[in-house]
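**Student:** Pasting a structure here, questions to come.
The values are calculated or read from the model by the stated rules, or taken from the named source; none is laboratory data. Only a predicted model underlies this, so the values are computations on that prediction, with no experimental measurement involved. Neighbour counts run over all protein chains shown; Cβ positions are idealised from the backbone, glycine included. Just so you know, the surface numbers come from the protein's heavy atoms only, side chains and all, with ligands and any DNA or RNA stripped out. Shrake-Rupley method; radii C 1.70, N 1.55, O 1.52, S 1.80 Å.
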Amino acid sequence: MSAASSAHPASITSCPDGPLIVRGELALFDDQGEAVMPNRRTFALCRCGASAIRPFCDGSHKLVGFRTTPPPRTAAVTFDEPAPSTLNAE
Amino acid sequence: MDVPSARGEVTEILIARLTAGERAPLDDLAATTTAALAASDDVLTDDDLQLALFLMYELHYGGLDGVADTWEWDPRLLAVRERIEREFEAALRRAVSQPRATRDVSEALFALVTDDDGPSLSAFVERDATAEQVREILACRTIYTLKEADPHSWAIPRLHGRAKSALVEIQADEYGGGRPERLHATIFAAALRGAGLDDRYGAYADHVPATVYTSMNLMSLFGLHRRLRGAIVGHLAAYEMTSSLPCRAYATGLRRLGFGDDVTDYFDEHVEADAVHEQLAARDLAGSLADDEPEIANDILFGAAACLAIDGRLWGGLRERFEVGESALRKPLP
Ligand code: FES
């Protein structure tokens, strides 16, 4: 098992407006040089600075409006009728 | 699970026939179901019809105690199920506006969840809920969370390549990554016990409102039909994308009320896990699926919008009851 997984080098993928997704085996250390053990095989590192569970992402980047690219000028989604609020309004 | 109590004519006949042994006659069930569908004010909140659909779907999951396993593929029962499903899906399509991506599906998913501003139960739990209200919420969560991730797993053999790989990556984490004690359903069972609740599947089947079954049935409908594989993927994406911040609020509220680590562990785990799953689900899963099968891109967005609408209705409904000082359950917890 470990021979197979170490055959794949670790990878880091950046998510637009979000964290860095880390896959593969690598050692992680905190500010004090203490080893940090991720709780899962694939984990997300905060890069917005707002997470309460740093170095991991907790979704706070959405609350603080973290952007890695300028926001697009037009809406990303449109809706057919009926209006999206009808269900909640009941 | 134990067979729950009937909630109307359809479930009365359904339960009687299922527990009567294999291949009991079903003619009266079909006729009663057709009449109940015609008479129902709203299939999405109908206690009798949603429980009936849930029980028929449950035959594909853990099964019902005292009910023969062969009912799962009984064509007469499947025909009744199909009648309810058809009306269920039609009601969903009337209630949920079809979103369309203007650029790409993952960007549209992020916009959908950002714009979702239904009443937040997690914010209520964080600041205002009582311990008894939290116990009611946990009881309402048992129907899905004690089999967390299972309905989305139906999609695995229906996907290919990058989308399949992403779904398995998410589900492996949901199922504990090889550590049975970290199965999310198992962590939730520990939370239930820590809160003084029963962790057997279906223990609160008679307590929970119809909307709990609607939420579960939505996932089973999407998950069990290959035609709707886009919708179950979109559902998972929306679910994961609206989980980490609310779970943090839940954990804070539970600590405020003095619940122990055994109860908060489930929510703490989801803060971290779902911040990862959100990215994998929106980009590697839904984004790849939309690239590979552009003809189902709108189904992905419909599944996401349906998740937000139906779960918004469920959890917003609980909050409304709590705010006027009422129980959200059909009968008090023991
Ligand atoms: S990048 Fe997600 S919380 Fe910072």
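**Student:** Of everything in segment B:46-62 that's surrounded by 22 or more Cβ atoms within 10 Å (Cβ to Cβ) and acidic (Asp, Glu), which residue is nearest to B:Trp154 (Cα to Cα)?
**Tutor:** Restricting to residues being surrounded by 22 or more Cβ atoms within 10 Å (Cβ to Cβ) and acidic (Asp, Glu), the top hit is B:Glu58.
**Student:** Something else: Inside segment A:21-30, can you point out the residues that are farther than 12 Å from B:Ala275 by Cβ and either in contact with a Cys (Cβ under 9 Å, 6 or more places away or on another chain) or within 14 Å of chain B (Cβ to nearest Cβ) (or both)?
**Tutor:** Of the residues in segment A:21-30, the ones farther than 12 Å from B:Ala275 by Cβ are A:22-30.
A:Val22, A:Arg23, A:Gly24, A:Glu25, A:Leu28, listed by residue number.
**Student:** Then there's this: Could you pull out every one of the helices (runs of 4 or more DSSP H) wholly within segment B:229-306 that has 2 or more residues that are closer than 23 Å to B:Ala185 by Cβ and within 14 Å of another protein chain (Cβ to nearest Cβ)? Walk me through how you get there before you give the answer.
**Tutor:** Values: elements: B:229-241, B:244-256, B:261-279, B:288-292.
Of the helices (runs of 4 or more DSSP H) lying wholly inside segment B:229-306, those with at least 2 residues that are closer than 23 Å to B:Ala185 by Cβ and within 14 Å of another protein chain (Cβ to nearest Cβ) span B:229-241, B:244-256, B:261-279.
**Student:** Determine which single condition B:Leu224 fails, assuming it passes every other condition in (1) modelled with pLDDT of 95 or more; (2) within 13 Å of chain A (Cβ to nearest Cβ).
**Tutor:** Condition not satisfied by B:Leu224: (2).
**Student:** Scan segment A:62-74 residue by residue and report those that are free of Cβ contacts under 8 Å to residues at least 40 places away in the same chain, more than 9 Å from chain B (Cβ to nearest Cβ) and among the β-branched types (Val, Ile, Thr).
**Tutor:** Result: A:Val64, single match.
**Student:** With respect to B:Pro4, determine if the residue is part of a loop (DSSP other than H, G, I, E, B) and open to solvent by less than 60 Å² (accessible area, probe 1.4 Å).
**Tutor:** Working: part of a loop (DSSP other than H, G, I, E, B): yes; open to solvent by less than 60 Å² (accessible area, probe 1.4 Å): yes.
Against the criterion (part of a loop (DSSP other than H, G, I, E, B) and open to solvent by less than 60 Å² (accessible area, probe 1.4 Å)), B:Pro4 qualifies.
**Student:** Consider B:Pro151 carefully, then state whether it is open to solvent by 60 Å² or more (accessible area, probe 1.4 Å) and part of a helix (DSSP H, G or I). Show your work before the answer.
**Tutor:** Working: open to solvent by 60 Å² or more (accessible area, probe 1.4 Å): no; part of a helix (DSSP H, G or I): yes.
The answer is no for B:Pro151.
**Student:** Taking the stated definitions as given, is A:Ala44 over 14 Å from the mean Cα position of the chain (by Cα), at the interface with chain B (Cβ under 7 Å from one of its Cβ atoms) and at pLDDT 85 or above?
**Tutor:** Working: over 14 Å from the mean Cα position of the chain (by Cα): no; at the interface with chain B (Cβ under 7 Å from one of its Cβ atoms): yes; at pLDDT 85 or above: yes.
No.
**Student:** Among the numbered criteria (1) touching a Gly at 6+ places or on another chain (Cβ under 7 Å); (2) surrounded by fewer than 23 Cβ atoms within 10 Å (Cβ to Cβ), which one does B:Pro332 miss?
**Tutor:** Answer for B:Pro332: the failing condition is (1).
**Student:** Just one of A:Gly18, A:Gly33, A:Gly49 is small (Gly, Ala, Ser), near the ligand (Cβ under 10 Å from one of its atoms) and more than 12 Å from chain B (Cβ to nearest Cβ); which is it? Explain how you work it out, then say what you get.
**Tutor:** Details: A:Gly18 fails: more than 12 Å from chain B (Cβ to nearest Cβ); A:Gly33 fails: near the ligand (Cβ under 10 Å from one of its atoms).
On inspection, the qualifying residue turns out to be A:Gly49.
Okay, residues lined up against (1) in contact with a helix residue (DSSP H, G or I) (Cβ under 7 Å, 6 or more places away or on another chain); (2) open to solvent by less than 10 Å² (accessible area, probe 1.4 Å):
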| residue | (1), (2) |
| --- | --- |
| B:Met241 | yes, yes |
| B:Pro246 | yes, no |
| B:Ala251 | yes, yes |
| B:Gly258 | no, no |
| B:Asp262 | yes, no |
| B:Asp268 | yes, no |
| B:Arg283 | yes, no |
| B:Ala290 | yes, no |
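**Student:** Can you report the number of residues in segment A:37-61 which are open to solvent by 20 Å² or more (accessible area, probe 1.4 Å) and touching a residue at least 40 places away in the same chain (Cβ under 8 Å)?
**Tutor:** 0
**Student:** Consider B:Ser97 carefully, then state whether it is open to solvent by less than 30 Å² (accessible area, probe 1.4 Å) and within 9 Å of chain A (Cβ to nearest Cβ). Quick ask: steps written out before the conclusion?
**Tutor:** Details: open to solvent by less than 30 Å² (accessible area, probe 1.4 Å): yes; within 9 Å of chain A (Cβ to nearest Cβ): yes.
Taking the combined requirement at face value, the residue satisfies it.
**Student:** Next question, about the same structure. Suppose the filter is in contact with an Asp or Glu (Cβ under 7 Å, 6 or more places away or on another chain) and either assigned by TED's automatic domain parsing to the domain that holds B:Leu49 or open to solvent by less than 40 Å² (accessible area, probe 1.4 Å) (or both); does B:Asp65 pass it? Spell out how you get there, then give the answer.
**Tutor:** Working: in contact with an Asp or Glu (Cβ under 7 Å, 6 or more places away or on another chain): yes; either assigned by TED's automatic domain parsing to the domain that holds B:Leu49 or open to solvent by less than 40 Å² (accessible area, probe 1.4 Å) (or both): yes.
Criteria met by B:Asp65.
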